[in-house]
Amino acid sequence: MDIQLIDSSPEQTEADAIVVGLCQDETLVGAAAAGAAAAVDKAAGGLIGRLVERKEISAKLGDVQMLFSPAGVAAGIVAVVGLGPRENFDRRAAFESCGAAAKKLATKQRGRVAYFVADGWTAEQVEAGVCGLHVGCEGQDLYRAEKRLHVPTEVCWAGKDRVAAFQGQVIGEAMNLTRRLVNEPPGDMYPETFANRAADVAFECGMHGEIWDRERLEAERCGALLAVARGSSRAPRMIILRHEGASRNDPTLALVGKGVTFDSGGLSLKPSDGMLTMKCDMAGAATVIGAMQAIARLGLPVNVIALCGLVENMVSGRSYKLGDVLRARNGKTIEVHNTDAEGRLVLADVLSVAVDRGAANIVDLATLTGACVVGLGLDVAGVMTNDEAWGARVRAAADTCGELNWPLPMFEHFNDQIKSDVADIKNVGEGRWGGAITAAKFLEEFVGETPWAHIDIAGPAFRDKPKPYCDAGASGQFVRTLVELARRWK
Ligand code: BES
Ligand code: MN
Ligand code: ZN
């Protein structure tokens, strides 16, 4: 779906639907009236104003009201989307309002849809809006014969900011790539197939890459990752992609992703309820691959390396066991107390490769702990770091994109939790308190002195319920944060 820029007036634009935005307290008539909503209102004889008066149309952020065949307007449908209070309008509001309009219109197959929302928007807001409309019209029903959401055949955007619109499209498509990788079921999406898809992305975008198979992982002594993989009949993979946008001497940013294509819990088996959505446990890796696609397509002038560990955590006669002692790639020994704390074992080896590849800074993304969801809820990611300055930079990138996140403390005493009597460390803490932090403390053992930040996306990566601006299932959250971080990287 390529977006086309137009500069026709909204009421005269031939389209199946036009979208106009409405701020709270926006004036539709008189000298102060400006913008697309006012123009359409005037052409339609004051229709929008009357409906606002009767509270049939609301300007609340993300509310959408569709008007069918209004007189005086060339388009068949006018969708009025609420933009919320003007003073609060930001990238997040742009993303959500356009996403909500796109999702509402996508309930039927449409031809041409034209957006007249961006009066007075900044370039960043245009980018976020175009990104949001791409995400809003794609659903999770990949395997349904009758789709619930339909991508329109043509999308137009009223405005002049061609670059911002293009960038929004690139990032929206990257989020949808991430969402698709996560939404595909575990029978189809396993380490080998995920790695093949990553290789396709690398090829299409001209990125360098390597894929490590089991033999290579053995040669590299990835004993922690391989232990998790052992219970599965699907062989593991490590994916390494490089975007070389700057010179060799410039520092490299490493993006690391947890890619557990299905987490049964292993011998510490999950109950059915907790296992149902565990195809989402590769969302960290999918977020990294989506972000790399966007970083490469945008041609960002920076060096970025992506590393993802892909395994399936399964039950069989070969499964790793409680009490096993594993030797990670960096030489540390790990006593296994719970096979459901598998993500940190996978990441342990991937992080050590990131360090060995000379990453200047690392950020990892992982659906790592239920504890993080208990602490912060479904919509907020936890951020933990060994370097406050780097953690603040990562959080600032997320904040400008409107991707909700909050820091969790890495106090020294949490290290006591992962002490072991038989090995260097153990893979879970005593009891369940502070579980998100214990997991981060475990990861910290594998990054050496490299500034590193860990984003636990167990809450926001996957939704059981839809949002007005995005279907249920994979959210694609934190693709934008990683792209923003790469833009600010130097
Ligand atoms: N993949 C899960 C965490 C998770 C939970 C992701 C809910 C998404 C939604 C992870 O591998 C896991 O099982 N963590 C355990 C850790 C525990 C055994 C210390 C958990 O959170 O219960
Ligand atoms: Mn688990
Ligand atoms: Zn897991």
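Shown here: the chain, whose C-alpha atoms stretch 80, 50, 40 Å along the first, second and third principal axes, sorted largest to smallest.
Separation of the range 24-84 from the range 239-288 is 44 Å, based on Cα centroids. This model, with +1 at the C-beta of Lys and Arg and -1 at the C-beta of Asp and Glu, gives the range 3-160 a dipole about its Cα centre of some 420 debye. Sparsely packed loop sites in the range 148-190 (the trypsin sites (Lys or Arg not before Pro) outside DSSP H, G, I, E and B with at most 16 other Cβ atoms within 10 Å) comprise 148, 160. Computed from phi, the 3J(HN,Hα) profile of the range 70-81 under the Karplus parametrisation 6.51, -1.76, 1.60 (θ = phi - 60°) reads x, 4, x, 10, 6, 6, x, 9, 10, 9, 9, 10 Hz, with x in place of Gly and Pro. Note on residue 219 and residue 86: the model spin-label points, each 7 Å out from Cα along the C-beta direction, lie 6.4 nm apart.
Taking a sphere under 15 Å around the Cβ of residue 111 and counting the other residues whose Cβ falls inside, with K and R at +1 and D and E at -1, yields a net charge of -1.
DSSP finds beta bridges in the range 3-160, and of those with both partners inside it, around 20 percent are antiparallel. By its C-alpha gyration tensor, with a ≥ b ≥ c as the square roots of the eigenvalues, how is the range 1-127 shaped: rounded for a/c under 1.5, else prolate for a/b larger than b/c, else oblate? Taking the square roots of the gyration eigenvalues as a ≥ b ≥ c, the range 1-127 is rounded.
Computed from backbone phi, the HN-Hα couplings of the range 396-410 come to 5, 4, 5, 4, 5, 7, x, 9, 5, 7, 8, x, 10, x, 10 Hz, rounded to whole numbers (Karplus: 6.51 cos²θ - 1.76 cosθ + 1.60, θ = phi - 60°; Gly and Pro given as x). Computed extension gain for residue 147 through residue 66, at 0.36 nm per residue and net of the alpha carbon distance, reaches 27.1 nm.
Proximity of backbone amide H atoms, modeled 1.01 Å from N, is registered between residue 156 and 4, 113, 114, 115 at under 5 Å, excluding neighbours fewer than 5 places apart on the same chain. Per-atom-type breakdown for the range 3-160 gives carbon and sulfur 49% of the accessible area (1.4 Å probe, protein chains only). DSSP beta bridges fully contained in the chain are about 40 percent antiparallel. The overall shape of the range 353-449 is oblate: from the C-alpha gyration tensor, with semi-axes ordered a ≥ b ≥ c, the ratio a/c is 1.5 or greater and a/b is no larger than b/c.
Taking every alpha-carbon pair under 8 Å whose residues sit at least 6 apart, the range 184-487 reaches a relative contact order of 21 percent. Rounded to the nearest percent, how much of the accessible area of the range 184-487 (1.4 Å probe, protein heavy atoms only) is carbon and sulfur? Roughly 50 percent of what the probe reaches on the range 184-487 is carbon or sulfur.
The residues of the range 3-160 expose, per residue, 45 Å² of accessible area to a 1.4 Å probe.
Which order do 127, 26, 412 take when ranked by solvent-accessible area (1.4 Å probe, heavy atoms of all protein chains), largest first?
So, going from the largest accessible area down, we get 412, 26, 127.
Summarising the amide proton neighbourhood of residue 231: residues at separation of 5 or more, or on other chains, whose placed amide H is nearer than 5 Å comprise 314, 320.
Residue 297 sits with roughly 90 Å² accessible to a 1.4 Å probe, with DNA, RNA and ligands left out of the calculation.
Helix-only estimate, please: 222 nm mean residue ellipticity of the chain, summing -39500 (n - 2.57) across DSSP H runs of length 4 or more and dividing by its residues, to the nearest 500. Could the numbers behind the result be given before it?
Values: 15 runs with 169 residues, N = 490.
Taken over the chain, the calculation gives -10500 deg cm²/dmol.
Positive contributions from Lys and Arg (+1) and negative ones from Asp and Glu (-1), summed over other residues with Cβ under 14 Å from the Cβ of residue 449, come out at -4.
Under the shape rule built on the C-alpha gyration tensor, where the axes satisfy a ≥ b ≥ c, the range 235-365 is oblate, since a/c reaches at least 1.5 while a/b does not exceed b/c.
What the phi angles of the range 106-111 give under the Karplus curve with 6.51, -1.76 and 1.60, with θ = phi - 60°, is a coupling list of 7, 5, 10, 5, 10, x Hz, glycine and proline written as x. Solvent-accessible surface of protein heavy atoms, probed at 1.4 angstrom with all chains present, puts 150, 134 in the order 150, 134, largest first. Ranking of 141, 379 by solvent-accessible surface, largest first: 379, 141 (1.4 Å probe, protein heavy atoms only, all chains present).
The values are calculated or read from the model by the stated rules, or taken from the named source; none is laboratory data. Predicted model only: the values in this text are computed from it and were never measured. Cβ: placed from backbone, ideal geometry, glycine included. Neighbour counts: every protein chain shown. Just the protein is used for accessible areas: all its heavy atoms, side chains included, with ligands, DNA and RNA removed. Shrake-Rupley method; radii C 1.70, N 1.55, O 1.52, S 1.80 Å.
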